[in-house]
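Readers should treat all values here as calculations from the given coordinates under stated rules, not as data from a laboratory. Worth saying up front: this structure is predicted, and the values here are computed from it rather than measured. Positions of Cβ are backbone-derived with ideal geometry, glycine not excepted, and every protein chain shown enters the neighbour counts.
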């Protein structure tokens, strides 16, 4: 009978704790689940999240007075926090991981009308999923060494840039839209897959390099529509990379290689651009101002006769112009994307 009673107790169902309700600006320091139950208006800072905190905005908004931080994260090394289903507007920084190591995840959030939408300090890890970052001065602004992952997110109408970083960053951008910003995405290196990068006032993608001993950094750009940017669609300044399966159309220059800046590694970048549609770009399809050769074979240049260049075998080529040391033979006589 005692044994049976013990078995009965051990099999009793347990009930998970309900999320803690939040109805004011405060610091959430204890790990656990929290849920916002009302919109919040803040003068200065609003919420601070500690390690192990998950905040469910429940569709509500936090709004500032143009100063302070909407969501500040106070995390140590290898600690994390999550925010989901929340609208953040009108702060100096919508979300900020500025002064501590750690990792933040922003999912299903809207971050609008801030000076900086998401701000990250050195060596941080920031993940943004299924979100909107729009109408800020800078969409995402980070300092040295941040690892940034953006998936299924729209970055639009940010007046300076969608993503503004320095050298040393690695960015993963997948299935997202970067449109109508002052400039697109600037980062050290990274992976860019199945995005639309269009109608930005400056560059679409700018790869700045990593300033690491023996390694400039490398970029993979695959399956994107990079269109109608007022600057270069893709610019490599101190980074190498592979570009394939993209539509690079209607930009000022399709791909620009600016060369390695002083102070970077002695490594030599490698460039390989294959299987892209490069057409209708205003100045050049590819302009190579670097000291390295760019391999750019099997691309469609907008016309079956190939790109305009002194080395083109066709008598009167009518495709996009190529400038500098670019190996473009053979090319495709029809669109490949």
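Arrange the following residues from fewest to most other Cβ atoms within 10 Å of their Cβ: 331, 301. Can you show the working numbers first?
Numbers: 331 23, 301 30.
Ordered by Cβ neighbours within 10 Å, fewest first: 331, 301.
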- Message: Just to be sure I understand: with springs between alpha-carbon atoms less than 10 Å apart, which residue in 23, 58, 158 has the highest mean-square fluctuation in the Gaussian network model of the chain?
- Response: 23
- Helix-only [θ] at 222 nm, the chain, -39500 (n - 2.57) per DSSP H run of 4+, per residue, nearest 500, equals -1000 deg cm²/dmol
- Item | Gaussian network model of the chain, springs between alpha carbon atoms under 10 Å - residue of 20, 187, 253 with greatest fluctuation | 20
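How high is the relative contact order of the range 172-337, in percent, counting Cα pairs under 8 Å that sit 6 or more residues apart?
Details: 543 pairs, mean separation 26.5, N = 166.
Relative contact order of the range 172-337: 16 percent.
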- Task: Quote the relative contact order of the range 70-201 in percent (integer), defining contacts as alpha-carbon pairs under 8 Å separated by 6+ residues.
- Result: 16 percent
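When a footprinting reagent is the concern and you count Cβ atoms within 10 Å, what order do 270, 30 take, fewest first?
Values: 270 14, 30 11.
Fewest-to-most Cβ neighbours within 10 Å comes out as 30, 270.
Is the range 172-337 rounded, prolate or oblate when judged by the Cα gyration tensor, a ≥ b ≥ c being the square roots of its eigenvalues, rounded requiring a/c under 1.5 and prolate requiring a/b larger than b/c?
Working: a/c = 1.80, a/b = 1.24, b/c = 1.45.
Verdict is oblate for the range 172-337.
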- Please report the base-10 log of the normalised intensity I(q)/I(0) for the chain, using a Debye sum with one equal scatterer per alpha carbon and no solvent, at each q in 0.10 (1/Å). -0.63
- Residue among 81, 92, 315 with the largest mean-square fluctuation in a Gaussian network model of the chain, springs linking Cα atoms under 10 Å: 315
- Task: Using only the Cα atoms of the range 155-200, build the gyration tensor, take square roots of its eigenvalues as a ≥ b ≥ c, and label the shape rounded, prolate or oblate: rounded if a/c is under 1.5, else prolate if a/b is larger than b/c, else oblate.
- Result: oblate
- Relative contact order of the range 244-326, defined on C-alpha pairs under 8 angstrom at six or more residues apart (%): 31 percent
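Order these by the 10 Å Cβ neighbour count, fewest first: 60, 169. Can you show the working numbers first?
Working: 60 17, 169 24.
Sorted ascending by nearby Cβ count, the order is 60, 169.
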